[in-house]
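Enquirer: Handing you a structure now.
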Amino acid sequence: MNKIVYLTDASIIVCVVPNSGDRAEKMLLAAREAGANASYGFNARGYGARERLGALSVAVETEKHVFNVLVSSEQLEIVFEAMYRAGGLDQPGAGWMYVTPVEKLATFVPEAFVQRARELAAAREDS
């Protein structure tokens, strides 16, 4: 069995948007075009706002699409902004998103990548 390679320089962008329309698809496409390549999503139902709005509750969309995009710290700002703009999150009721740092991540990492990372780290130490 190979030694586990841990990646520590990553974050997860979490997005919650209404399930109607193609907002989530546009945001995921923007994330991919900005360099992200790992994401997953699921449907959810929100509670709370509908009950508090009383007669106006028909205007509140409680079905949500929640998706997560894994990015390196170097990609974070670019991907986050691209997703925000693609989703039109500057509009009321469009949804919201936040970033969670990843403390430790383990997955298959090709040996060539591991070797290149070691070379870059050694070069930084030498300079």
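Every read-out reported here was derived from the displayed coordinates using simple, explicitly stated rules and does not represent laboratory data. No experiment lies behind these values; they were computed from the predicted model shown. Positions of Cβ are backbone-derived with ideal geometry, glycine not excepted, and every protein chain shown enters the neighbour counts.
Enquirer: Out of the trypsin sites (Lys or Arg not before Pro) in segment 83-124, which ones are loop residues according to DSSP with at most 12 other C-beta atoms within 10 Å?
Expert: Lys104
Enquirer: Take segment 7-126, drop everything but the C-alpha atoms, weight them equally and run the Debye formula without solvent; then report log10 I(q)/I(0) at 0.09, 0.14, 0.15, 0.20 Å⁻¹ to two decimals.
Expert: Values, matching the q order: -0.34, -0.68, -0.75, -1.09.
Enquirer: On to the next question. How many percent of DSSP beta bridges within segment 7-126 run antiparallel, rounded to 5?
Expert: Counting only bridges with both partners in segment 7-126, antiparallel ones make up about 100 percent.
Enquirer: Per DSSP helix of 4 or more residues, -39500 (n - 2.57); summed, then divided by the residues of the chain. What does that give at 222 nm, rounded to the nearest 500?
Expert: -10500 deg cm²/dmol
Enquirer: Something else: Convert each backbone phi in segment 96-102 into a coupling constant with the Karplus relation 6.51 cos²θ - 1.76 cosθ + 1.60 (shift: θ = phi - 60°), then list the ³J(HN,Hα) values in order as whole Hz, x for Gly and Pro.
Expert: Going residue by residue, I get 7, 8, 8, 10, 10, x, 9 Hz, with x marking Gly and Pro.
Enquirer: Quote the relative contact order of the chain in percent (integer), defining contacts as alpha-carbon pairs under 8 Å separated by 6+ residues.
Expert: 41
Enquirer: Once you charge only the Cβ atoms, +1 for Lys and Arg and -1 for Asp and Glu, what is the size of the charge dipole of the chain about its Cα centre, to the nearest 20 debye?
Expert: Charge dipole, the chain, about its Cα centre: 380 debye, nearest 20.
Enquirer: Within 10 Å of each candidate Cβ there may be at most 16 other Cβ atoms; applying that plus a DSSP loop requirement, which chymotrypsin sites (Phe, Trp or Tyr not before Pro) in segment 61-122 survive?
Expert: Hits after loop and neighbour filter: Phe108.
Enquirer: Okay, moving on. Using amide H atoms built 1.01 Å from N in the peptide plane, name the residues 5+ places from Asn19, or on other chains, whose amide H lies under 5 Å from its own.
Expert: Close amide H contacts, sequence-distant or interchain: Glu63, Lys64, His65.
Enquirer: Under 12 Å from the Cβ of Ile13, count the other residues' Cβ atoms, weight Lys and Arg +1, Asp and Glu -1, and hand me the total.
Expert: -2
Enquirer: Right, another one. Among Met27, Ser72, Tyr40, pick out the residue whose Cα is farthest towards the positive end of the charge dipole of the chain, where Lys and Arg carry +1 and Asp and Glu carry -1 on C-beta, about the Cα centre.
Expert: Farthest towards the positive end: Tyr40.
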